[in-house]
Ligand code: NAD
């Protein structure tokens, strides 16, 4: 089975790595060769770390990397059995991609999206194969995190659901079935907590370090919410809050103005070198 991954950012490259490590041939696609090479180099570094920890041999790492072909041409979808889209969290971008992928991919191919919160049903409506469109929501970092939310759109067929559920299991992940509702389960619960943590900083209640310390030591969270927000990407956090706000029409999901300000400043978290914390 050939898997095409759209978007070679932190999620797309993680998904490509896990697919290659579990025996699948992968096309890793992004807008430019530079972006896709950046993603592939990230995978290389990840594998290198595994070699240093003696969890992987050089030969295995080479074998995994060889399974990942790079792509900047969406028409390569013609060779894929399943396409997992992990481009930016933006409905217009995703709809546009799905319309094109629908025209290039073979009739049997499943079109999955790794969206964190956008309606699967609406993305599916941009295609002529809504029965084969599904949410496959991996967690960050993909090679480490066990969960995949598998999200049924309104028209997703049982066959598509079963295939994607089995694919997740073959990647050694635990799949959980979820219906299509804003933020699904994971981000409906997680993101309002992160947004509230940002409000506590915005209102001067505590510093980012202290907010994170309270949640780690007081609630036994392995990582504070602001560190986690930086890892997720503040642009992605904002996009998810906007989806929740619009989807539920309830002001309890209003994105914190400080989150908006950071995104406007280009402080997107770890991936841009600065968010609530600085990264070198
Ligand atoms: P990212 O910014 O690291 O990567 C996005 C990549 O998509 C970039 O490399 C960009 O060049 C590429 N891209 C943008 N438009 C494209 C297009 N039209 N065609 C091909 N590639 C395109 O973002 P990310 O954190 O990897 O998030 C990707 C998706 O995964 C989003 O939908 C996000 O909501 C979802 N997601 C993110 C997380 C997380 O923790 N960051 C977790 C689960 C799901």
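The values are calculated or read from the model by the stated rules, or taken from the named source; none is laboratory data. From a predicted model like this one, the values you see are computed outputs, not experimental measurements. For neighbour counting, all protein chains shown are included, and Cβ atoms are generated from backbone atoms with ideal geometry for every residue, glycine included.
Mind listing whichever residues of region 19-32 are farther than 10 Å from residue 5 by Cα and within 13 Å of the ligand (Cβ to nearest atom)?
Across region 19-32, the qualifying residues are 31, 32.
If a residue has to be within 14 Å of the ligand (Cβ to nearest atom) and either free of Cβ contacts under 8 Å to residues at least 60 places away in the same chain or surrounded by fewer than 20 Cβ atoms within 10 Å (Cβ to Cβ) (or both) to count, how many in region 108-118 make the cut?
In the first step, residues of region 108-118 are kept if they are within 14 Å of the ligand (Cβ to nearest atom); the result is 111-118.
Okay, now just the ones that are also either free of Cβ contacts under 8 Å to residues at least 60 places away in the same chain or surrounded by fewer than 20 Cβ atoms within 10 Å (Cβ to Cβ) (or both), so 111-113, 115.
Of the residues in region 108-118, 4 are within 14 Å of the ligand (Cβ to nearest atom) and either free of Cβ contacts under 8 Å to residues at least 60 places away in the same chain or surrounded by fewer than 20 Cβ atoms within 10 Å (Cβ to Cβ) (or both).
From 150, 133, 144, which residue is under 23 Å from residue 177 (Cα atoms), within 15 Å of the ligand (Cβ to nearest atom) and without any contact (Cβ under 8 Å) to a residue 12 or more places away in the chain?
Working: 150 fails: without any contact (Cβ under 8 Å) to a residue 12 or more places away in the chain; 133 fails: without any contact (Cβ under 8 Å) to a residue 12 or more places away in the chain.
Unique residue meeting the criteria: 144.
Would you mind listing the helices (runs of 4 or more DSSP H) fully within region 205-255 where at least 2 residues are modelled with pLDDT of 95 or more and more than 21 Å from residue 268 (Cβ to Cβ)? Before the answer, list the steps.
Numbers: elements: 208-213, 225-232, 234-248.
Helices (runs of 4 or more DSSP H) meeting the threshold: 208-213, 234-248.
With respect to residue 101, determine if the residue is within 16 Å of the chain's Cα centre (by Cα) and within 15 Å of the ligand (Cβ to nearest atom). Walk me through how you get there before you give the answer.
Details: within 16 Å of the chain's Cα centre (by Cα): no; within 15 Å of the ligand (Cβ to nearest atom): yes.
No, not satisfied.
Name the residue that is nearest to the ligand (Cβ to nearest atom), counting only residues in region 1-18 that are touching a helix residue (DSSP H, G or I) at 6+ places or on another chain (Cβ under 7 Å), in contact (Cβ under 8 Å) with a residue 60 or more places away in the chain and part of a helix (DSSP H, G or I).
Checked region 1-18; the qualifying residue nearest to the ligand (Cβ to nearest atom) is 10.
Just checking, how many residues over region 1-15 are more than 22 Å from residue 96 (Cα to Cα) and under 18 Å from the mean Cα position of the chain (by Cα)?
Of the residues in that region, 1 qualify.
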